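Heads up, the thing below is written out as structure tokens.
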Amino acid sequence: MQYFSQGTGLIIWALLLLAGIIGTGLAFRFSSRREWTGQAMVPTVLMALGLLFFAITFDFPSEQVGPALIPRIWIVCLIAICLGLTYFTAIGKADKDPKAGRIGFVLLGIAVMVAYFIAMQTIGYFISSFIFLALIMYLLSWRKPLTLILVPAGWLLFSYLVFYKLLYIQLPLGFWENYL
């Protein structure tokens, strides 16, 4: 299995998983469960990503309880849940796909996330996270000013205390690092 954890084997594994995703999509699209195609594709893609990451863990150092254990536990749980979702979708117990929405809103969300990632490196985690959370809440139609301030501030306080102080995880500080 280690062959599929890197290089050509990983590419082959990714292509096989992509074929499985396409196959699932086509199977639902051209069946009596056509209205559930999207509901089936989400867990299928998550399972494929899980299996891809599972293969990558075989390249981790091999120990009985090593760095690969926790990702594998999470991946197995993810796959089990996705299998359940796919089963309920296949038998028609899941909700049908919703009507198509505004694709521009999705693209705006993706652009905001990319900008957040770039801003995190330049202006730091704390400032960019506050702006990102407030902006996303505003875009999702949350207009109460006090909440737009308190929720991001609460998250920053939590992440500072837990990640920065308790777990000693170095969060990117951006250009502020030179002044602290």
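The values are calculated or read from the model by the stated rules, or taken from the named source; none is laboratory data. Quick caveat: nothing in here was measured; it's all calculated off a predicted structure. FYI the Cβ positions are ideal-geometry reconstructions off the backbone, even for glycines, and counts take in every protein chain you see.
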Evaluate the following for Ile75: is it part of a helix (DSSP H, G or I), in the same structural domain as Trp155 (by TED's automatic domain parsing) and either over 19 Å from the mean Cα position of the chain (by Cα) or not small (Gly, Ala, Ser) (or both)?
no
Considering only the stretch 18-36, how many residues are modelled with pLDDT of 90 or more and surrounded by 19 or more Cβ atoms within 10 Å (Cβ to Cβ)?
1
Just the residues that are more than 19 Å from the chain's Cα centre (by Cα), over 23 Å from Pro172 (Cβ atoms) and hydrophobic (A, V, I, L, M, F, W, C), please, taken from the stretch 104-158.
Leu139, Trp142, Leu146, Leu148, Leu150
Does the stretch 38-71 hold any residues that are touching a residue at least 12 places away in the same chain (Cβ under 8 Å) and of a type in the set (Ser, Thr, Tyr), and which are they?
Thr44, Thr57
With the requirement that a residue be under 15 Å from Phe4 (Cβ atoms) and assigned to a loop (DSSP other than H, G, I, E, B), what does the stretch 63-72 give you?
Ala68
Give the stretch 1-37 a look and list any residue that's without any contact (Cβ under 8 Å) to a residue 12 or more places away in the chain and either part of a loop (DSSP other than H, G, I, E, B) or β-branched (Val, Ile, Thr) (or both), or say none.
Thr8, Ile11, Ile12, Ile22, Phe30, Ser31, Ser32
Selected residue [touching a Lys or Arg at 6+ places or on another chain (Cβ under 9 Å) and within 28 Å of Ala40 (Cβ to Cβ)] from Ala100, Ala94, Ala90:
Ala90
